[in-house]
Amino acid sequence: MEVSLLSVLFFSLLLGAKHAVEPDHIIAVSTLASRSSTMKTSSLAGIYWGIGHTITLLICGIIVIGFKAAISETTALTLESLVGVMLIVLGIRAIRSTENQVTSSRNGTHYAKAMGIGFVHGLAGSAAMVLLVMSTIDTLWEGSLYMIVFGIGTCAGMLVFTSLIGIPFTFKKSTLQWQTMLSKAAGTVSLLFGIYYLYQLLVVEGLGRLLFTQ
């Protein structure tokens, strides 16, 4: 393997770790961490988020690069808007949570939700990632390798983050009222940020205008 490709892959690993802690990622996963009863549950949620994120990027990347397709600005912004909708839904669910719902988040559905959130984030970020890969890599297999390494970086970054953020949600796990209060706080932040996110896309970025002028 050429030294230049190794350098690109190393950069991809670091970029993936940095990508994991973007504000919308942090806020979305925080709603899951707030419903985690143990540190292990919170940490694994981060890994499953990374897996879902990587799967989407890899699928979209292979399709777009392999078929030399293009992602329009309208499509890219529409996919981004899914994140805003998801943040609002996650926020409302967290705000409406009860003590019983917080303590029942230990089963596999918790990890499935984390993977689903990562899937949506990957779908929303696929346009930017494909453009980055196409400007850096020459072949499909190199592009696929780049995105896999990027995914490993995101998994690692989110693992560290969810482990840290899970501390205040789990160290007083015996106090259900405390955990429920934190869950509602995380939900409020998610709801408000989701509304702000959609406003930025629809008004500032012009998605609303693009949709109504087609």
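Restricting the first residue to region 65-78 and requiring it to be within 25 Å of TRP141 (Cα to Cα), which pairs with a second residue that is at pLDDT 85 or above and among the hydroxyl-bearing types (Ser, Thr, Tyr) meet a Cβ separation below 9 Å and a spacing of at least six or different chains?
Every condition considered, the pairs that remain are ILE65/SER144.
Tell me, which residue of region 13-55 that is among the hydroxyl-bearing types (Ser, Thr, Tyr) and surrounded by fewer than 23 Cβ atoms within 10 Å (Cβ to Cβ) is nearest to THR162 (Cα to Cα)?
The residue in question is SER43.
Exactly one of these conditions fails for SER43: (1) in contact (Cβ under 8 Å) with a residue 40 or more places away in the chain; (2) in a loop (DSSP other than H, G, I, E, B). Give me its number.
(2)
Between a first residue in region 124-153 that is under 21 Å from GLY46 (Cα atoms) and a second residue that is assigned to a loop (DSSP other than H, G, I, E, B), which pairs have beta carbons less than 7 Å apart while being 6 or more apart in sequence or on different chains?
TYR146/ILE137
Restricting the search to region 20-64, which residues are of a type in the set (Gly, Ala, Ser), in contact with a Ser or Thr (Cβ under 6 Å, 6 or more places away or on another chain), closer than 26 Å to GLU142 by Cβ and modelled with pLDDT under 90?
Scanning region 20-64 gives a single hit, ALA20.
Closer than 21 Å to ARG35 by Cβ and part of a helix (DSSP H, G or I): is that true of VAL203 in this structure?
For VAL203, the condition - closer than 21 Å to ARG35 by Cβ and part of a helix (DSSP H, G or I) - is not met.
The values are calculated or read from the model by the stated rules, or taken from the named source; none is laboratory data. As the structure is a prediction and not an experimental result, all values here were calculated from the model. Here the Cβ is made from the backbone with ideal geometry for all residues, glycine too, and neighbour counts use every protein chain on show.
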